[in-house]
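> Right, I'll just put the structure down here and ask away after.
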Amino acid sequence: VLVVGCGFAGATVSRVLADAGHDITVLESRPHVGGNAFDRVEAHGILIHEYGPHIFHTNSRRVFSFLSRFTNWRFYEHRVLAQVNGRLLPIPINRTTINALYDLQLDEAGVAAWLDQVREPRDVVRTSADLVLSTVGRELCDLFFRGYTKKQWGLDLEDLSAGVAARIPVRHNDDDRYFTDTLQFMPAEGFTAMFLRMLDHPRIEVHLGQPFTGTADCKGFERLVYTGPIDAYFGYVLGHLPYRSLRFRHEHLPDIERFQPTGTVNYPTSEAYTRITEFKYLTGQRATGTSIVYEYPTDEGSPYYPIPRPENEALYKRYEELAEVEATRGVVFVGRLAQYRYYNMDQVTGMALHEFETLRGDFSHSDTTTTADSPA
Ligand code: FAD
Ligand code: UDP
């Protein structure tokens with residue numbers, strides 16, 4: 001089996017197929033494993049995430065137990081503050097946020113009643129604007145969501161599907177965790193160490209710095225599992241799918257123990273960057289000095305985010321039809337870029353485990369040799 005890409009999708013599929021007795025060759029264009037979750041120890045000895053902060057969280061026992069074969073975990077619940085009106089306030093918006101911002105002393109029922117007064121109900125919730133306005137009203141929307149979203153996506157809340165803002169809940173209590181999932185842990189020695197163990201199998205061969213270039217690379221393989229951008233696979237024959245990218249500015253501060261009060265601080269109404277993350281919170285590392293990363297959204301550069309809005313989803317659907325034809329020739333598309341979905345790491349792992357079940361069924365019924373001869 002030829003696997004293109006060595007992030008969560010590629011590494012998971014590779015390992016489960018290798019365990020089932022298949023020989024795997026992985027092609028990865030970057031010089032490292034792990035995809036966007038890649039981490040490394042930088043020059044000052046601090047473990048950093050090269051492509052921005054990655055925090056593992058899931059409700060899936062299945063995903064968690066699969067990954068637990070390759071790593072121990074460190075309990076970590078991420079917390080984020082947003083700089084608003086010159087103060088640092090919890091995001092997701094909770095009781096503390098509202099009481100601090102409006103100088104109130106509401107209890108949980110009071111917060112619910114207060115939100116009921118300010119929210120602008122919608123019959124149909126289609127866009128992120130509909131979602132935010134109907135849950136927290138206009139003022140909180142403008143303070144916490146409008147500017148951040150415009151920076152992050154280059155688009156207004158009105159132009160993004162509701163699912164984008166729906167990632168951020170609204171709470172009536174004091175829970176200030178960024179995620180609500182039942183399992184929130186970081187790999188004890190980092191993501192890269194976990195990936196290296198996952199790929200450490202006699203049937204897996206990884207070729208780093210080797211981009212997949214199309215048909216010729218498929219010769220001699222029974223199946224192709226493709227985890228890169230789906231439009232690139234088809235040579236952009238239907239046009240480019242839009243992606244949002246980021247520029248990361250990494251900084252090391254040698255003389256201070258802590259730079260900020262939580263793992264991440266968001267800047268919804270000021271600055272060109274969206275957020276600053278301080279890695280020592282995420283990794284639990286103790287060290288003199290600290291390392292941080294600023295995220296500057298941009299249209300140019302590597303494709304990091306599919307952009308969830310109806311016209312993009314419609315274009316993806318047309319690519320998906322091409323992918324269904326490829327499927328009959330032994331090609332599988334899985335992952336955030338290959339499925340053009342705003343997936344988290346656990347969702348990608350879950351999809352990859354699911355694809356494996358399909359692949360396993362295929363293998364037991366046929367011995368097709370892939371004829372993957374589409375442009376790539
Ligand atoms: P990727 O990680 O993108 O891997 C695909 C790989 O394929 C890449 O390494 C790429 O180089 C390679 N590739 C592409 N084309 C080719 C080709 N032609 N030939 C060879 N190789 C190719 N998720 C969370 O759960 N929690 C978080 O806190 C979180 N934070 C994030 C923060 C940022 C800034 C970003 C951008 C994403 C974050 N995510 C987070 C999402 C997470 O990164 C993805 O869900 C996950 O990495 C997707 O895995 P993947 O294998 O589908 O894709
Ligand atoms: N968001 C926002 N303000 C915030 C945090 C998030 O407006 O302080 C919106 C924004 O549109 C963002 C989306 O919610 O892109 C999802 O946020 P998340 O933190 O999940 O983004 P990611 O970590 O995937 O970049």
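> Considering the range 230-258 alone, what residues qualify as being touching a helix residue (DSSP H, G or I) at 6+ places or on another chain (Cβ under 7 Å) and either surrounded by 12 or more Cβ atoms within 10 Å (Cβ to Cβ) or at pLDDT below 95 (or both)? Even if it seems obvious, please write down each step before you answer.
Keep residues of the range 230-258 that are touching a helix residue (DSSP H, G or I) at 6+ places or on another chain (Cβ under 7 Å), which gives 230-231, 234, 238-242, 244.
Within the range 230-258, I230, D231, F234, L238, L241, P242, R244 meet the criteria.
> If a residue has to be within 13 Å of ligand 2 (Cβ to nearest atom), more than 20 Å from L246 (Cβ to Cβ) and not β-branched (V, I, T) to count, how many in the range 162-175 make the cut? Reasoning before the result, please.
Quick first cut of the range 162-175, residues within 13 Å of ligand 2 (Cβ to nearest atom) only: 162-170.
Next, only the ones that are more than 20 Å from L246 (Cβ to Cβ) stay: 162, 166, 169-170.
Narrowing further to those that are not β-branched (V, I, T): 162, 166, 169.
Number satisfying all stated conditions: 3.
> Right, something else. What about T328, is it at pLDDT 90 or above, surrounded by 18 or more Cβ atoms within 10 Å (Cβ to Cβ) and farther than 30 Å from E257 by Cα?
On the way: at pLDDT 90 or above: yes; surrounded by 18 or more Cβ atoms within 10 Å (Cβ to Cβ): no; farther than 30 Å from E257 by Cα: yes.
Judged against the criteria, T328 is not a match.
> Of everything in the range 7-43, what is closer than 17 Å to Y226 by Cα, touching a His at 6+ places or on another chain (Cβ under 8 Å) and within 10 Å of ligand 1 (Cβ to nearest atom)? Give them in sequence order.
Residues satisfying the conditions are V26, L27, E28, N36.
> Using the structure shown, decide if T25 is farther than 21 Å from S291 by Cα, surrounded by fewer than 20 Cβ atoms within 10 Å (Cβ to Cβ) and of a type in the set (V, I, T). Don't jump to the end; show me each part of the working.
On the way: farther than 21 Å from S291 by Cα: yes; surrounded by fewer than 20 Cβ atoms within 10 Å (Cβ to Cβ): yes; of a type in the set (V, I, T): yes.
So T25 fits the description; yes.
> Report, by residue number, each residue of the range 293-339 that is away from ligand 2 (no atom under 16 Å from the Cβ), farther than 25 Å from V13 by Cβ and either among the β-branched types (V, I, T) or not in a helix (DSSP H, G or I) (or both).
E300, the sole residue that qualifies.
> How about the range 138-161: which of its residues are of a type in the set (S, T, Y) and either part of a helix (DSSP H, G or I) or free of Cβ contacts under 8 Å to residues at least 24 places away in the same chain (or both)? Give the steps one after another, and end with the answer.
The initial filter retains those residues of the range 138-161 that are of a type in the set (S, T, Y), namely 148-149, 161.
Scanning the range 138-161 gives Y148, T149.
> Can you find even one residue in the range 174-193 that is more than 16 Å from ligand 1 (Cβ to nearest atom), assigned to a helix (DSSP H, G or I) and not small (G, A, S)?
Within the range 174-193, none of the residues are more than 16 Å from ligand 1 (Cβ to nearest atom), assigned to a helix (DSSP H, G or I) and not small (G, A, S).
> Kindly evaluate A376 against the criterion of being more than 20 Å from N59 (Cα to Cα), modelled with pLDDT of 95 or more and of a type in the set (G, A, S).
Values: more than 20 Å from N59 (Cα to Cα): yes; modelled with pLDDT of 95 or more: no; of a type in the set (G, A, S): yes.
Here the answer is no, as A376 does not meet what is asked.
> With R247, R223, R275 as the choices, which residue is charged (D, E, K, R), out of contact with any Phe, Trp or Tyr (no Cβ under 6 Å at 6 or more places or on another chain) and within 13 Å of ligand 1 (Cβ to nearest atom)? Break it down into steps so the answer makes sense when it comes.
Values: R247 fails: out of contact with any Phe, Trp or Tyr (no Cβ under 6 Å at 6 or more places or on another chain); R223 fails: within 13 Å of ligand 1 (Cβ to nearest atom).
Within the list R247, R223, R275, the selection yields R275.
> Quickly run through the range 321-334 and pick out the residues that are farther than 18 Å from F221 by Cβ and in contact (Cβ under 8 Å) with a residue 12 or more places away in the chain.
Selection gives L322 alone.
> One residue is enough: does the range 267-276 have a residue meeting the conditions among the charged types (D, E, K, R), within 21 Å of the chain's Cα centre (by Cα) and within 30 Å of Y340 (Cβ to Cβ)? Step through it out loud before you land on a result.
Residues of the range 267-276 among the charged types (D, E, K, R): 271, 275.
Restricting the remaining residues to those that are within 21 Å of the chain's Cα centre (by Cα) gives 275.
Imposing the further condition that a residue be within 30 Å of Y340 (Cβ to Cβ) reduces the set to 275.
So far as the range 267-276 goes, yes, one or more of its residues are among the charged types (D, E, K, R), within 21 Å of the chain's Cα centre (by Cα) and within 30 Å of Y340 (Cβ to Cβ).
> Another question, then. Quick one: in the range 123-145, of everything that is within 18 Å of N266 (Cα to Cα), touching a helix residue (DSSP H, G or I) at 6+ places or on another chain (Cβ under 6 Å) and not aliphatic (A, V, I, L, M), which residue is nearest to ligand 1 (Cβ to nearest atom)?
F145
The values are calculated or read from the model by the stated rules, or taken from the named source; none is laboratory data. Being a predicted model, the structure only gives us computed values, none of them experimental. Cβ atoms come from the backbone with ideal geometry, glycine included; neighbour counts cover every protein chain shown.
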